[in-house]
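Below is one structure, written out as structure tokens, with a few remarks after it.
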Amino acid sequence: MSGSVDSQVRGNMILGTFENNGASNVQFDQGSLLTLDTSTSIGSYFHSSKSVKWSATGKTNQPSQGVTYDSKYIPVEGSYRELN
């Protein structure tokens with residue numbers, strides 16, 4: 001995320017890495033920011049943000065077991081490169 005427009009995220013974000021640049025306020029509502037990429041020492045990075053706020057501690061919004069999706073991603077063969 002970058003720029004100077006304030007941002008609001010609702011729910012959980014599961015990402016490889018997360019980077020926020022720019023002069024903006026960022027608010028996370030009732031969710032979590034999980035970064036999973038182990039190839040870098042920085043999972044999430046906030047640079048020049050005015051403020052970063054979480055609106056809840058998660059006590060009343062405990063995660064369910066596993067991860068569910070609204071849709072299913074099916075890659076087109078040959079449109080990506082797998083890395084080992």
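The values are calculated or read from the model by the stated rules, or taken from the named source; none is laboratory data. Here the structure is a predicted model, which means the values were calculated and not measured. In this analysis, Cβ positions are derived from the backbone assuming ideal geometry, glycine residues included, and neighbour counts consider all displayed protein chains.
Being at pLDDT 80 or above and in a strand (DSSP E or B) is the filter; apply it to segment 34-56 and report the residue that is surrounded by the most Cβ atoms within 10 Å (Cβ to Cβ).
Looking at residues that are at pLDDT 80 or above and in a strand (DSSP E or B), I get THR35.
Restricting segment 8-26 to residues that are within 12 Å of the chain's Cα centre (by Cα) and of a type in the set (S, T, N, Q), which is nearest to HIS47 (Cα to Cα)?
ASN20
Could you count how many residues in segment 33-47 are among the aromatic types (Phe, Trp, Tyr) and more than 16 Å from MET13 (Cβ to Cβ)?
Adding up the residues that qualify gives 0.
In segment 1-29, what residues are of a type in the set (Val, Ile, Thr) and assigned to a loop (DSSP other than H, G, I, E, B)?
If the condition is that a residue be of a type in the set (Val, Ile, Thr) and assigned to a loop (DSSP other than H, G, I, E, B), then VAL5, THR17 are the ones that fit.
Under 9 Å between Cβ atoms, which residue pairs at least 6 apart in sequence (or on different chains) link something in segment 1-28 that is closer than 24 Å to TYR69 by Cα with a partner that is of a type in the set (Val, Ile, Thr) and assigned to a loop (DSSP other than H, G, I, E, B)?
ASN12/VAL67; ILE14/VAL67; GLY16/THR40; THR17/THR40; THR17/ILE42; GLU19/ILE42
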